[in-house]
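The values are calculated or read from the model by the stated rules, or taken from the named source; none is laboratory data. All values derive from a computational prediction rather than experimental measurement. Cβ atoms come from the backbone with ideal geometry, glycine included; neighbour counts cover every protein chain shown. For accessibility, only protein heavy atoms count, side chains too; no ligands or nucleic acids. Shrake-Rupley method; radii C 1.70, N 1.55, O 1.52, S 1.80 Å.
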Amino acid sequence: MDESPSTRTIVTTTSSPYVELDDYSMSSISYDRHFVQSAPGLLIFLEIVLGLLVWTLIAGTEYFRFSPFGWVMFVSVFYWVLTLFLLLLLLTRAHTRIPQVPWSTVVSRAMVLVFNCSATLLYLVTAVTEATLVGCGVKGQHDYNSWAASTFFAFLVSLSYAGSAVFSFRSWQKRDE
């Protein structure tokens, strides 16, 4: 069985310093159904919906006339975006699928606990600030009604973050045992 030089196949291989992305195909993206049905998951959804209401109700008014409403907008938008990001991470379990990112630091139980506690504190300060500013408006005007509704939702969001902080603390405590 002689092979002539014209029928031989030459195979050349090269190596790449880049990570092969075959394991991370788009078809493998799914969500964690257990997280969606858990109390912490439902609280995160609630935080996103209520936080959205807080900042959209303020943004639809002439909030720039009172500088403390700038603080309200900052806190509500800042934590809304971060909570949305946290939800996407936990929902898709991206921290288990992308090993190149140091997820143990980014999404550790202690960091989520610190996040929820700081959100609770700052949203509570925001809600109290809003409550004191509601008196600056005239009852029945659009701004007054929006500010009052936003104040109510800010207190609800702070309660939601407090609930998430309790669940985060329990999770952190179990991890250390």
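The table below gives the values:
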item: Residue match in the range 14-30 (condition: under 26 Å from the mean Cα position of the chain (by Cα), modelled with pLDDT of 65 or more and either within 30 Å of Val166 (Cα to Cα) or open to solvent by 80 Å² or more (accessible area, probe 1.4 Å) (or both)); result: yes
item: Unmet criterion (only one of (1) modelled with pLDDT under 80; (2) in contact with a helix residue (DSSP H, G or I) (Cβ under 7 Å, 6 or more places away or on another chain); (3) open to solvent by less than 30 Å² (accessible area, probe 1.4 Å)) for Ser150; result: (1)
item: Complete set of residues in the range 67-81 that are open to solvent by less than 60 Å² (accessible area, probe 1.4 Å) and either over 15 Å from Val125 (Cβ atoms) or free of Cβ contacts under 8 Å to residues at least 24 places away in the same chain (or both); result: Gly70, Met73, Val77, Trp80
